[in-house]
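What follows is calculated from the coordinates using simple rules that are stated; it is not laboratory data. Note that this is a predicted model, so its numbers are computed, not measured. Backbone-built Cβ (ideal geometry, glycine too); neighbour counts: all protein chains shown.
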Amino acid sequence: MPAEVYYDDDADLSLIQGRKVAVLGYGSQGHAHALSLRDSGVDVRVGLPEGSKSRAKAEEQGLRVLTPAEASAEADVIMILAPDTAQRTLYAESVAPHLTAGKALFFGHGLNIRYGFITPPADVDVAMVAPKGPGHLVRRQFVDGKGVPCLVAVEQDATGNAFALALAYAAGIGGTRAGVIKTTFKEETETDLFGEQAVLCGGASALVQTGFEVLTEAGYAPEVAYFECLHELKLIVDLMYEGGIARMRYSVSDTAEYGDYSRGPRVVDARVKEEMKRILAEIQSGEFAREWIAEDDAGRPNFAKYREQGANHPIEETGKKLRSMMSWVDRPITETA
Ligand SMILES: NC(=O)C1=CN([C@@H]2O[C@H](COP(=O)(O)OP(=O)(O)OC[C@H]3O[C@@H](n4cnc5c(N)ncnc54)[C@H](OP(=O)(O)O)[C@@H]3O)[C@@H](O)[C@H]2O)C=CC1
Ligand SMILES: CC[C@](O)(C(C)=O)C(=O)O
Ligand SMILES: [Mg+2]
Ligand SMILES: [Mg+2]
């Protein structure tokens, strides 16, 4: 069945303009939602713990900052945009006591609901507005008059109005300018985790690093390897983004196109597909979510090791040097646009 896609004309922005919204968290997504909702005429407050380093940023941007508990008590729409690993404690301590009948609890990703770390009471709406892009670009696109597509899902419709309210919220952050797809918490959570692990973050990073290693270990210049395996990837993906894989193949040389057909499937072969299926199975069974929550509870020892290894990969040093010569590339990620 084709997905249902909603645009600006399908959303009634006044529904969210008539509510008090609390955005809990002011990181990548939180700042984008809070600032864009405010710019869309919505009554927003940000909820952050007393010691949070995000407080100063939110206040500098002219937002009212309260504690998560105060913000949840005041608001009737509560959007949780703290890290996935922090959400169950945040919910239990600061949200649940103020989640009275008829309020709406929103998420930007479904992990805590899908795997049962949070179970809201039956008399509140539970919905998700999940942008399909990094939060800093959600804000940048909004400011530029564009939008990042969003997934919207309703887990619980206590008021009968949950979907319309979520669609209005998506309009407030620019999502309906690009298109909003109706889905479920299960579908969003499982596809989002799969996409970031196997393709967008894990798959793409490993592909780039491995290609760079193969070229430099064979004696080619790291600068040439960087341009070939990382820099040019954006230009190739831009063509895919604009017109699909077919547009990219139209634009590259016939030599590249023949190499693509005849060699690409040798890189991403049947073994890789089997591994992708295993990764999906770990997501579907909840194994990944339990592993990640346990890793966080233990103080993230493996996460810290992985982060250090990634930061020390030789491609980072080469890239830093080359990007310093390209003033147009290193556009800073800011909390405003
Ligand atoms: N990053 C992205 O682009 C995307 C994220 N999402 C989802 O959005 C949600 C937020 O992720 P993301 O924006 O990456 O998070 P970030 O790590 O960028 O930001 C987290 C924010 O939450 C604050 N915070 C930490 N603990 C608490 C707490 N107990 N109570 C209130 N605020 C707290 C942090 O403050 P401090 O400064 O003190 O650390 C920070 O402001 C997640 O569910 C994620 O899966 C969905 C789509 C894309
Ligand atoms: C691709 C990573 C992502 O799912 C996103 C930006 O959409 C995330 O969790 O950050
Ligand atoms: Mg995502
Ligand atoms: Mg994600």
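Across the cross-link table entries Lys132/Lys320; Lys146/Lys234; Lys132/Lys277; Lys132/Lys186, which are compared at the Cα atoms, the separations over 25 Å belong to Lys132/Lys320. In this label model, Glu59 and Ser324 are separated by 3.6 nm, measuring between points 7 Å along each Cα→Cβ vector. The Cα center of segment 75-107 and the Cα center of segment 277-291 differ in position by 25 Å. Cα gyration tensor of segment 239-325, axes a ≥ b ≥ c as square roots of the eigenvalues: rounded (a/c below 1.5), prolate (a/b > b/c) or oblate? Oblate shape, in that a/c is at least 1.5 and b/c is the bigger or equal ratio.
Projecting the Cα atoms of Tyr6, Gly62, Ile80 onto the dipole axis of the chain, where Lys and Arg carry +1 and Asp and Glu carry -1 at the beta carbon, places Gly62 farthest toward the positive end.
If you sort the three axes of the alpha carbon gyration tensor as a ≥ b ≥ c, you get a/c under 1.5 for segment 3-123, which makes it rounded.
Cα centroids of segment 139-169 and segment 194-260: 33 Å apart. Among 54-67, 182-195, the peptide with the highest mean count of other Cβ atoms within 10 Å heads the list, and the full ranking is 182-195, 54-67. Here each label is just a point 7 Å from Cα along the line to Cβ, and for Val237 and Ser253 those points are 2.5 nm apart.
In terms of other Cβ atoms within 10 Å, Trp292, Trp328 run from fewest to most in the order Trp328, Trp292.
For the chain, adding -39500 (n - 2.57) for each run of n ≥ 4 DSSP H residues and dividing by the number of residues yields -15000 deg cm²/dmol at 222 nm.
With the Cα gyration tensor of the chain giving a ≥ b ≥ c as the square roots of its eigenvalues, does the rule (a/c under 1.5 for rounded; else a/b larger than b/c for prolate; else oblate) give rounded, prolate or oblate?
Here the chain falls in the prolate category.
With the simple model of a label 7 Å out from the Cα in the direction of the Cβ, Gln17 to Leu207 spans 4.3 nm.
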